[in-house]
Amino acid sequence: MTNAISARTQAVLDDPVFPVVKAQVLQRTGLAYYADKDSALAERLARRLEERGVTRLSDYLTLLPAAAEFQALVNELAVGETFFFRYIEQFEALRAVAIPECLRRNRNRRTLRIWSAGCATGPEVYTLEILLKQNFGAELEGWQVTLLGTDLNRAFLDQARRASYSHWAVRGLPEDTLSAYFHHHRQSWQVRPEYREWARFEVFNLVEGRLPDPARGLAAFDIVLCRNVMIYFDEPTRARLLRGLRDTLVDGGWLVVGHAETGPEIGAVFTPVPVPGATLYRKPDPLCRAAEPPPLPPLAQPLPPPEPEPPRKRAVKPAEPVEPPPRPVPTLTDVEELAERGERGAALDACLELVEHDRFNAAAHFRLGQLEDEAGAGDPVAAFRRALYLEPDFTLADYHLALAYWRRGKLGPAQRHFRNARDGLAKHADEELVAHGRGLTVGELRGMIALWLSGDEARG
Ligand SMILES: C[S@@+](CC[C@H](N)C(=O)[O-])C[C@H]1O[C@@H](n2cnc3c(N)ncnc32)[C@H](O)[C@@H]1O
């Protein structure tokens, strides 16, 4: 599949100032996603040049410092894929675990503050309002509830405020859900007014903005969702943002990130809390130290003198050593259980042991790759490649191998494996489950791959 590059896109690509503009855009937006998508970036820049009536990038560069032009360019660049109840298991985890905990903690203050950072056109925010009202309506009576959605893209936020969506944003929702929460008018679905009471929307740049920022209301959140935003950022930006998000949360507050956004950086800042079907992340609470070992005595305090050694007992004949019974080789289920409990190191060890004993188990090599990737250890690329060698149709292994290459700056192989994964899904229906995807549907995976491949097909 190839897209012809238009003459004006080609002119932007050939313009000697293109690398300068590209560097500025990547730096100000953090959208490292465009690092290997020159033709996609050039196509969007070409649209802005035409709109502003300039032909050379050097002229456009003089316009870019102005907030309005920067915003207009961002409106072209941002990837705003979103829909209602996206990753339902994460909302389920919030309903079952995080929200009840916040309600207990805040029962005296009677406030609840939730932020959707990178909310695009707003479905995530309205999904939260629906979820809260459906499940905790009575308890929240008289509470002050804040549901803030922020994004870099003003055009998305305008649509969020209108709360009116095409069928695409509500896809997959059952009829009764649609009629309960939306008015259907002509071709669009508008969220009913009773589910638009708490939601509000503001512009905020997660890369340039300061966090926390109490003056703008960006502080003291109980829950922050930042899903499918950081995948477009490079690692230093992601790490900086994670620290900023932590600082906007109250102690013990909760963070939710997208499935592809869990990595070693997040474990360094948050405590993973595995719940069935999802992992939530929690800001450590200094008041909850009961489970931690007592602190070591300060170094300045001299250690007590050693106890005098007791007189040696007469040697007795040692008992015959008893061989411990052989430990069974862990199964993939054991690995999953350890991972679900948050014992990532033990899960990784168990998975290593499993692949040593069962070297032809493609699923085990794949899981090893994922665990190594999350831990920043081992060689996940090699593990995903082994999975693919053993099972060439392993689409999810192609997808994760592509992500692993992309994170390592190997953009050519990344593209190739994104395409393999896309082609592997071609014969499957959207609602089918992806093998080894733990609930991921073909449609969701197809959507994620399409985002990675968008725009840059022409260069092969
Ligand atoms: C794929 S959407 C995710 C929407 C929603 N969180 C979800 O998971 O359905 C990514 C959003 O991040 C926003 N975004 C990208 N870079 C941003 C930045 N530097 N600051 C704020 N938002 C940004 C984009 O405008 C886009 O709306």
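Note on the range 332-459: Cα-only Rg and Dmax are 14.6, 44 Å. With the convex hull drawn over the C-alpha atoms of the range 88-282, the volume per residue is 122 Å³. Phi-derived couplings, Karplus 6.51 cos²θ - 1.76 cosθ + 1.60 at θ = phi - 60°, listed residue by residue for the range 430-446: 3, 7, 5, 8, 7, 4, 6, x, 6, x, 5, 9, 4, x, 5, 5, 4 Hz, with x used for Gly and Pro.
For the range 98-188, the convex hull spanned by the alpha carbon atoms encloses 118 Å³ per residue. Each residue of the range 17-27 was assigned a 3J(HN,Hα) from its phi angle through the Karplus expression (A = 6.51, B = -1.76, C = 1.60, θ = phi - 60°), giving 8, 3, x, 5, 5, 4, 4, 5, 5, 5, 5 Hz with x at Gly and Pro. A convex hull fitted to the Cα coordinates of the chain yields 226 cubic angstrom per residue. Accessible area per residue was computed with a 1.4 Å probe on protein heavy atoms; HIS183 scores about 80 Å².
Express the accessible area of the chain per residue in Å², computed with a 1.4 Å probe while the remaining protein chains stay in the model.
Numbers: 23850 Å² over 460 residues.
Value for the chain: 52 Å² per residue.
The candidates ARG422, ARG162, arranged from most to least accessible area with a 1.4 Å probe in the full protein assembly, appear as ARG162, ARG422. In the chain, the DSSP beta bridges split such that about 45 percent are antiparallel, to the nearest 5.
For the chain, give the magnitude of the charge dipole about the Cα centre (Cβ charges: +1 Lys/Arg, -1 Asp/Glu; no others), in debye to the nearest 20. Working shown, then result.
Details: 57 positive and 63 negative charges, 196 e Å.
With Lys and Arg at +1 and Asp and Glu at -1, about 940 debye.
Using heavy atoms of the protein chains and a probe of 1.4 Å, the accessible area assigned to VAL335 is about 0 Å².
When the surface is traced with a 1.4 Å probe over the full set of protein chains, GLU356 keeps roughly 130 Å² accessible. Note on the chain: with neighbouring protein chains present and a 1.4 Å probe, carbon and sulfur make up 55 percent of its accessible heavy-atom surface. Coupling constants for the range 204-214 follow from the phi torsions by the Karplus curve (6.51 cos²θ - 1.76 cosθ + 1.60, θ = phi - 60°), and in residue order they are 7, 8, 5, 8, 8, x, 8, 9, x, 9, x Hz; glycine and proline get x.
The values are calculated or read from the model by the stated rules, or taken from the named source; none is laboratory data. Being a predicted model, the structure only gives us computed values, none of them experimental. Neighbour counts run over all protein chains shown; Cβ positions are idealised from the backbone, glycine included. The area values use the complete protein model at the heavy-atom level, side chains included, leaving out ligands, DNA and RNA. Shrake-Rupley method; radii C 1.70, N 1.55, O 1.52, S 1.80 Å.
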